[in-house]
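Participant: For reference, the structure I am asking about is given below.
Please treat every number below as a calculation from the coordinates, not as lab data. Just so it is clear, the model here is predicted, and its values are computed rather than measured. Because the Cβ atoms are built from the backbone with ideal geometry, glycine has one as well, and the counts that use them run over all protein chains shown.
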Amino acid sequence: MLEAFFLPAAPGERFCLAHAPAREPRGAIVYVHPFAEEMHKSRRMAALQARLLAARGWLVLQLDLLGCGDSPGDFGEARWDTWSRDVRAGLAWARARTAGPLALWGLRLGATLACELAEDTALGVERLVLWQPVTSGEQFLAQFLRLRLAAEMLDGGAATSASGELRAQLAQGRALEIAGYDLHPHLAAALERVQLAALRPAARRIDWIEVAADAAAAVRPGSRRVVELWRAQGLDVRAASVAGEAFWSTIEISECPALLDATEMALA
């Protein structure tokens, strides 16, 4: 059963889709979507996975964060701590509807946010499913800023600003328009501070799944360093790579069936 509703949040409310199983849920999964345009590119994959997990008995909540998707607000109003509170509200909604285990499932920067939230043992997150997590917020921000430089080159044949100049504008408290999204300096500053290696999620099990052109490929070197560090700290991390396209960044909407299968198996 699919239910669309608005979840009370601070400020305002957030648009949600809840995928409920036909029987009493075995547990609940809250999906944390990726950043900016990656969210829209990955909507189909998120919907497909949510339906499959609901068929397996999970209650799945898809939550649009502040300023994203169908939730109220503009992207320029988004802050990292507000998004964190949004996911906490989603977890509270899920906990009120099942006595089973709680899981966070995130894609890209959403996976990074999920890991940060899972450090809070009071939330009771037992499982983490991470799709292609961003290991360094600083590197992610640099890549996002390059979209602005690339657009300038397409418009005028050469970039009218450099990455350092864009960072200087953010440091001066000025928002930047990048690929149709207004990036607030407070959000940019929060992104720069996020490093997965500095986090220690309290989840009982972590499934880290990446997409590569070759199914035999190992997870990325940066990912492997975090996985090995977490394992050395006693965390149960299962890392795997599946074959497919980077659907969150392809021009046309695409699917990755192997990722759906791997996630189903992880949560079976």
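Participant: Per residue, what volume in Å³ does the convex hull of the Cα atoms of the range 14-146 enclose?
Facilitator: It is 100 Å³ per residue.
Participant: Going toward the positive end of the dipole of the range 58-156, with +1 on Lys and Arg Cβ and -1 on Asp and Glu Cβ, which of 111, 93, 147 do you reach last?
Facilitator: 93
Participant: Compute the convex hull volume of the Cα atoms of the range 68-199, divide it by the residue count, and report the result per residue in Å³ as a whole number.
Facilitator: Dividing the Cα hull volume of the range 68-199 by its residue count gives 120 Å³.
Participant: So what is the relative contact order of the chain, in percent, for Cα pairs below 8 Å that sit 6 or more residues apart? Write out the running numbers ahead of the final one.
Facilitator: Details: 533 pairs, mean separation 48.8, N = 268.
About 18 percent, as a whole number.
Participant: How high is the relative contact order of the range 196-268, in percent, with contacts defined as C-alpha pairs under 8 Å that are six or more residues apart?
Facilitator: Numbers: 90 pairs, mean separation 26.1, N = 73.
The normalised contact order for the range 196-268 reaches 36 percent.
Participant: Show that you can apply the helix-only estimate: for the chain, add -39,500 (n - 2.57) for every DSSP H stretch of four or more residues, divide by all residues, and state [θ] at 222 nm to the nearest 500.
Facilitator: Working: 9 runs with 103 residues, N = 268.
Value at 222 nm, helices only, nearest 500: -12000 deg cm²/dmol.
Participant: Relative contact order of the range 147-268: what whole-number percent is it, with Cα pairs under 8 angstrom and at least 6 residues apart? Spell out each step's value before the answer.
Facilitator: Values: 130 pairs, mean separation 22.0, N = 122.
Dividing the mean separation by the residue count of the range 147-268 yields 18 percent.
Participant: Could you give the dipole magnitude of the range 118-245 about its Cα centre, charging the beta-carbon of Lys and Arg +1 and that of Asp and Glu -1, in debye to the nearest 20?
Facilitator: Values: 14 positive and 16 negative charges, 90 e Å.
Roughly 440 debye for the range 118-245.
Participant: Taking other Cβ within 10 Å of each residue's Cβ, how do 136, 42, 163, 241 sort, fewest first? Don't skip to the end; give the middle numbers.
Facilitator: Values: 136 18, 42 26, 163 14, 241 22.
The order, fewest Cβ neighbours first, is 163, 136, 241, 42.
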